[in-house]
Amino acid sequence: MELIDYSYYKEVYCGSLAENEFARIYPKAVAYFYGATRGRIKEAATNVCFALCELCDIFYEDISRESIQSESCDGYSIHYKESENTYSLAWDVLATYLETSGYLYGGNLV
């Protein structure tokens, strides 16, 4: 099930990624999203779609040049932001949008 497409990301969410950037990062965002919600998503409610859009932004930032924390020229040293922080931010996004939905519950639903 496709929850969002690029036109939703761009027109409704007002995202800033180019279409090719979105296409590159969307599969990772979806994989994380479905893993965290244990595949329980059955409908594309606004909070679900916005959470996925924001995940796209977070994961794209992680792989883009913006994720460089510091860089030096003489010794050619680049330090990247920790990806662990990226997953912490991603979880915070899911908690913000889906906290009361039951989608993040880790146990069995009866």
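Tabulated data for the structure shown
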| item | result |
| --- | --- |
| Subset of region 33-42 that is out of contact with any Leu (no Cβ under 9 Å at 6 or more places or on another chain) and in a loop (DSSP other than H, G, I, E, B) - its residue that is nearest to residue 92 (Cα to Cα) | 39 |
| Residues located in region 40-64, provided they are of a type in the set (Phe, Trp, Tyr) and more than 15 Å from residue 7 (Cα to Cα) | 59, 60 |
| Flag if residue 26 is part of a helix (DSSP H, G or I) and modelled with pLDDT under 90 | no |
| Single residue of 39, 35 found to be surrounded by fewer than 20 Cβ atoms within 10 Å (Cβ to Cβ) and more than 13 Å from the chain's Cα centre (by Cα) | 39 |
| Candidate set: region 10-29, residues that are buried (at least 18 other Cβ atoms within 10 Å of the Cβ) and not aromatic (Phe, Trp, Tyr); chosen: the one nearest to the chain's Cα centre (by Cα) | 29 |
| Subset of region 1-44 [more than 22 Å from residue 103 (Cα to Cα), touching a helix residue (DSSP H, G or I) at 6+ places or on another chain (Cβ under 7 Å) and β-branched (Val, Ile, Thr)] | 25 |
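A quick yes/no check of all residues on (1) more than 23 Å from residue 88 (Cβ to Cβ); (2) of a type in the set (D, E, K, R):
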| site | (1), (2) |
| --- | --- |
| 2 | yes, yes |
| 8 | yes, no |
| 23 | yes, no |
| 31 | no, no |
| 44 | yes, no |
| 48 | no, no |
| 51 | no, no |
| 56 | no, no |
| 59 | no, no |
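The values are calculated or read from the model by the stated rules, or taken from the named source; none is laboratory data. Here the structure is a predicted model, which means the values were calculated and not measured. For neighbour counting, all protein chains shown are included, and Cβ atoms are generated from backbone atoms with ideal geometry for every residue, glycine included.
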